[in-house]
Every structure is written in structure tokens, then in C-alpha cells.
Amino acid sequence: MNAGRPGSFSLTGGDLRVEQIVVVGGGLAGLRTVEELRTRGYQGRVTMLAAETRPPYDRPPLSKRVLAGEPDAAELGAEIDTTLRADVGALGLDLRLGEPATGLDLAEPGGPGRPGEPGGVVRTAGGGYPFDRLVVATGAAPVPLPGSGRQRFLRTHEDALALRTLLRPGLRLAIVGAGWIGAELATAAAARGCLVTVIEAGPAPLAGAVGAEVGSRTAPWYAAAGIDLRTGQAVESVADGGLTLPGGGWLAADEVVTAIGVRPSVQWLADSGVRLDNGVAADEGLHASAPGVYAVGDCASFMSRRFGRRLRFEHWDVALHAPEVAAANILGGSEIYDPVPYSWSEQFGRMMQYAGYHGAADRRLWRGDPDGGQWAACWLSGPRLVAILTVGRPRDLVQGRRIIASGAPVDTSLLADPGVPVKNAAQAM
Ligand code: FAD
């Protein structure tokens, strides 16, 4: 492939006309898409519509470095910089901050202008943005609890700065949800001297993410940090001064942070004709159901060839790499996105790393003592490793991820032995 006239791509056997790309969403996945398009030689117009007013930035530091920031720095108004280092100016990007997409009108097939070619118009409060290719990268947004009391969230840079200012010794903080974000926030808040209660409807922390049996191994970490962890406890609503619990229960709190999960930000696509199924339904090449429309990052559910089902991940690594495939395919490629998904979490002084998809497993084994300091949980489907969660064992994670990618069968007795490198458990195919 080589660049012909600006914005067009000459392909063997024909001319692919791509001249006007609109990216909706100014997060990591949106920015990476633009970077990849430029890296691959696309010289045409790119417009990015972003709901937030801040240029693209990274979210993982928000619940880690930003919340742990020195109180003095917060008081001085100094911010830990989480802006992505990419030089947005150098990308030749028409960046529309604070201008969310509100709707999508797909061009009639065979309509006027460019008969038979994909396209349409993205609507915003400020007008319409025509495109011949559209990338949906609108991420996900926190799910709120019912109730009229004040509830905070931890999704944006502004959320993190507001929370950092609030966290102080003696603050009665109720965190609803013991998932990844709830755990990281609890870690920071406890370290800042807050009186933290974490309320989780499931039977254990991280039960939704890694299953109750594995997640329960993290419960003692809360107790050791002085946190009141209440599992199996639903919350009815957020009221002034606290939480109402079923059966007339009440938990008093100065501040409530709701961390019960996120849902894909795709409401603006309702009635657009783009198929939604737990986010934008995309195929293996990240094409949405409408021609010329692609989806990447937290908002995309894609067909995973490796795991044989539709999957959606809320992982930084997916937002980083899926855009490589989307950009390649926009420019005439036929690439498949088939990752061994990877994510990590830093909580209670521990590094947790996860690779794969344990929803595909039929059994699990421990590697090391899960009540000890460093261990791993390994999930298998038949003789194959399909997922691994490590606590303080980064090498296991790297080697396990490679084995998952290779699809090699494993020797489970070697895999379960923490004294043997994970890679030694792989058997010949
Ligand atoms: P987003 O980052 O959500 O970006 C989407 C953008 O689109 C947002 O700015 C949103 O405002 C905007 N948008 C929404 N609707 C519209 C619209 N209609 N028009 C225009 N713009 C719109 N993952 C890990 O693997 N490890 C971690 O340690 C980790 N830590 C995290 C900590 C925090 C506090 C958070 C919030 C997330 C963390 N994640 C982590 C998850 C990771 O950050 C996400 O998977 C990643 O940000 C997804 O990127 P994205 O671009 O798809 O979506």
C-alpha cells in the first residue's frame, strides 16, 4: 500500500477512497487510532470528537499515582501529569474537545455523492461531521446507584483530582463495589487515613472479575489495611449522609464513591442502525455492522477467534493495541484482532496481573499458596491454559501469557509447582 493523492490509498487492484475519518472519543483508543492511521501513511482529514475538555490522557495513574499524590502538591494545585505523551499537534488532527457526538446518520447505500461507498454524518450540538470512515472509541462510563444523595465516581482526571482533595484522616468514606477500581481507591484512601468501608454485593472482592474463590484471597488485604469490608451486602440507594441498605439498614458516610462497574458509552448510537450488543458489536477485524464503521477500546465487543465468542474488555492494553488493527483495516487491510487480553492492578502494596479469559475455562489450579504473599491462579480448558492471574509473580504472567497465545497443552503438575518456571509446563504441540 502506498499513499497516492492526499488521503487516498492506492491498493493493488483498485483505488480505496478514504479521505475523511471521524474518530468519536478522545481516550486512549481514539488517540491510538489516529496515531496508527498516520503511522500507516494516511494523510487525509481526521476529526476527533471528544466529550471531555482535556486532551487525551491515561486513566490507570488516576487510581494509583494521582490519588496517592502528596497532599501538599494537591493543595498547591499541582497536578500529576497523565496526559499522553503523543504530540497531538503533530498528528494533524482536528481535535474538537468538549463536543460529544449526539447521533449518527448513516448514508443511504447508493445515495448521492459517492454511490455504493460507506459514509455518513456524526451529529453534535454544534453541527454535523461527514465521514467516509468512522471509528467509535467512546469508552465506558460508571454505572450510578439510585438515590438523591451525592455519589462520586473515579473515571476522569477531574474525578481523581476531586477525590484526592477529599481524602483526609478521619473521613468516613463508603466505597460501593470491591472490583479493581474500588480496591485501588480503598488502598489510597486507607493510606491517607480515611475510615474506609467497602460494600460489595458479591460474595468476595473481585468476584465479578476473577470469581469468588480467587477474589476471596484478597479479602484479608482489606482487613490488614484497616478497612471494613462487607461482602454479600447490597446497597439500596445513596441518601444524604450515607447509604440505605435493604431491611432498613443504614451506613453513615461523609463521602460515597460508587464503583460498581461501567457500561459502554454507546447511547448516542441508539437507532443509528449500528448493531449494539454489550457495546458496539464488531467482528474479528473490528468492523461494526455498518460499512465503514469500526469500534475500538472499552466500547467495543468483538468476536474473539481465540476464545470463540463475543468479548468486551475494559483493559488499557486492549485500548492500546486494537487500534492497530482498526487502522490497518480502514486503510484496506484485512487484519484480525485476536489478543490474549492483559490487565493489571496495584492494590494493597501488591501487583496483580491477569492475562487471558477465564470464562473459557473448565477448571482452575493454584500455583503457590494463595494465602501467602506471592501466588498465581491458573485456569485451564482441557489441557490448555486459558487464563492466569498472578500476585507478585510478573515472570509467571509473561510466560503464562505466551503459553496461552501458543495454545500449547500444559503439564499441570509442573504448572502448579511455583518452584518450576511456568514456561517449563508447556508441552510440545
Ligand atoms: P475511555 O478511556 O473511556 O475514553 C473514551 C472517551 O470517549 C472518554 O473521554 C469519553 O468522555 C469520550 N466519550 C464518551 N461518549 C462520547 C461521545 N458521545 N462523543 C465524544 N466522546 C465521547 N486498565 C488496566 O488494564 N490496568 C489498570 O491498572 C487500569 N486502571 C484504571 C484506573 C482507572 C481509574 C480507570 C478509570 C480505568 C483503568 N483501567 C485500567 C482501564 C483503562 O483505563 C481503560 O480500559 C481505557 O481507558 C479504555 O480506553 P478507551 O479509549 O476505550 O475509553
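The values are calculated or read from the model by the stated rules, or taken from the named source; none is laboratory data. Just so you know, these numbers come straight off a predicted model, no measurement behind them. Don't worry about glycine lacking a Cβ; one is built from the backbone with ideal geometry, like all the others, and counts go over all protein chains shown. Side chains are part of the model used for accessible areas, which takes the heavy atoms of the whole protein and leaves out ligands, DNA and RNA. Shrake-Rupley method; radii C 1.70, N 1.55, O 1.52, S 1.80 Å.
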message = With within 20 Å of PHE313 (Cα to Cα) and without any contact (Cβ under 8 Å) to a residue 24 or more places away in the chain as the only criterion, which of ALA212, ALA162 stands out?
response = ALA212
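Considering segment 329-345 alone, what residues qualify as being of a type outside the set (Asp, Glu), part of a loop (DSSP other than H, G, I, E, B) and more than 13 Å from the ligand (Cβ to nearest atom)?
If we filter segment 329-345 for residues that are of a type outside the set (Asp, Glu), which is where we start, we get 329-334, 336-337, 339-345.
From the residues that got through so far, the ones that are part of a loop (DSSP other than H, G, I, E, B) too are 331-334, 336-337, 339-341.
If the condition is that a residue be of a type outside the set (Asp, Glu), part of a loop (DSSP other than H, G, I, E, B) and more than 13 Å from the ligand (Cβ to nearest atom), then LEU331, GLY332, GLY333, SER334, ILE336, TYR337, VAL340 are the ones that fit.
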inquiry  = Please count how many residues of segment 163-179 are farther than 19 Å from PRO220 by Cβ and away from the ligand (no atom under 13 Å from the Cβ).
reply    = 11
key: Yes/no for ALA239 being more than 29 Å from TYR57 (Cβ to Cβ) and more than 20 Å from the chain's Cα centre (by Cα)   = yes
key: Complete set of residues in segment 34-46 that are part of a loop (DSSP other than H, G, I, E, B), within 13 Å of LEU93 (Cβ to Cβ) and either open to solvent by less than 30 Å² (accessible area, probe 1.4 Å) or out of contact with any Pro (no Cβ under 7 Å at 6 or more places or on another chain) (or both)   = TYR42, GLY44
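So, in segment 346-372, how many residues would count as being more than 16 Å from the ligand (Cβ to nearest atom) and either of a type outside the set (Phe, Trp, Tyr) or within 21 Å of GLY297 (Cα to Cα) (or both)? Talk me through it step by step, then tell me what you get.
Pass one, segment 346-372, residues more than 16 Å from the ligand (Cβ to nearest atom): 359-372.
With either of a type outside the set (Phe, Trp, Tyr) or within 21 Å of GLY297 (Cα to Cα) (or both) added as a condition, the list becomes 359-365, 367-372.
So the count comes out to 13.
Considering each residue of segment 162-186, count those that are in a helix (DSSP H, G or I) and within 20 Å of the chain's Cα centre (by Cα), and give that number. Break it down into steps so the answer makes sense when it comes.
Here is the first cut: in segment 162-186, the ones in a helix (DSSP H, G or I) are 162-166, 180-186.
Cutting the leftovers down to within 20 Å of the chain's Cα centre (by Cα) gives us 180-186.
Matching residues across segment 162-186 total 7.
Test of understanding: among SER304, SER237, which residue is hydroxyl-bearing (Ser, Thr, Tyr), crowded, with 18+ Cβ neighbours inside 10 Å and out of contact with any helix residue (DSSP H, G or I) (no Cβ under 6 Å at 6 or more places or on another chain)?
Values: SER237 fails: crowded, with 18+ Cβ neighbours inside 10 Å.
Checking each option against the conditions leaves just SER304.
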task = Among the numbered conditions (1) within 12 Å of the ligand (Cβ to nearest atom); (2) surrounded by 20 or more Cβ atoms within 10 Å (Cβ to Cβ); (3) free of Cβ contacts under 8 Å to residues at least 60 places away in the same chain, tell me where VAL325 comes up short.
result = (1)
ask   = Given the residues LEU67, LEU104, LEU49, which is the only one that is within 14 Å of the ligand (Cβ to nearest atom), open to solvent by less than 50 Å² (accessible area, probe 1.4 Å), modelled with pLDDT of 90 or more and assigned to a loop (DSSP other than H, G, I, E, B)?
value = LEU67
inquiry  = Looking at GLY182 and the list (1) within 30 Å of PHE348 (Cα to Cα); (2) in contact (Cβ under 8 Å) with a residue 24 or more places away in the chain; (3) within 14 Å of the ligand (Cβ to nearest atom); (4) surrounded by fewer than 23 Cβ atoms within 10 Å (Cβ to Cβ), which single condition is not satisfied?
reply    = (4)
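For segment 248-328, please list each of the strands (runs of 3 or more DSSP E) lying entirely inside it that holds at least 3 residues being hydrophobic (A, V, I, L, M, F, W, C). Talk me through it step by step, then tell me what you get.
Details: elements: 249-252, 255-258, 262-264, 280-282, 293-295, 300-304, 309-311.
Answer list for segment 248-328: 249-252, 280-282, 300-304.
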inquiry  = Just to verify a result, which residue in segment 120-153, among those that are open to solvent by less than 20 Å² (accessible area, probe 1.4 Å) and closer than 20 Å to GLU314 by Cα, is farthest from the ligand (Cβ to nearest atom)?
reply    = VAL135
request  = Consider VAL391 carefully, then state whether it is on the phi < 0 side of the Ramachandran plot, of a type in the set (A, V, I, L, M, F, W, C), within 16 Å of the ligand (Cβ to nearest atom) and out of contact with any Phe, Trp or Tyr (no Cβ under 8 Å at 6 or more places or on another chain).
outcome  = no
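Out of LEU134, LEU154, which single residue is assigned to a loop (DSSP other than H, G, I, E, B), closer than 30 Å to ALA288 by Cα and within 21 Å of the chain's Cα centre (by Cα)? Quick ask: steps written out before the conclusion?
Details: LEU134 fails: assigned to a loop (DSSP other than H, G, I, E, B).
Matching residue, one of LEU134, LEU154: LEU154.
For segment 157-171, how many residues are closer than 29 Å to ALA101 by Cβ and open to solvent by 30 Å² or more (accessible area, probe 1.4 Å)? First the steps, then the outcome.
Of all residues in segment 157-171, those closer than 29 Å to ALA101 by Cβ come to 157-163.
Subsequent filtering for residues that are open to solvent by 30 Å² or more (accessible area, probe 1.4 Å) retains 158-159, 161-162.
Residues flagged as closer than 29 Å to ALA101 by Cβ and open to solvent by 30 Å² or more (accessible area, probe 1.4 Å) within segment 157-171 amount to 4.
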note = Within segment 392-429, of all residues that are outside any helix (DSSP H, G or I) and of a type in the set (Gly, Ala, Ser), the one farthest from TYR357 (Cα to Cα) is GLY419
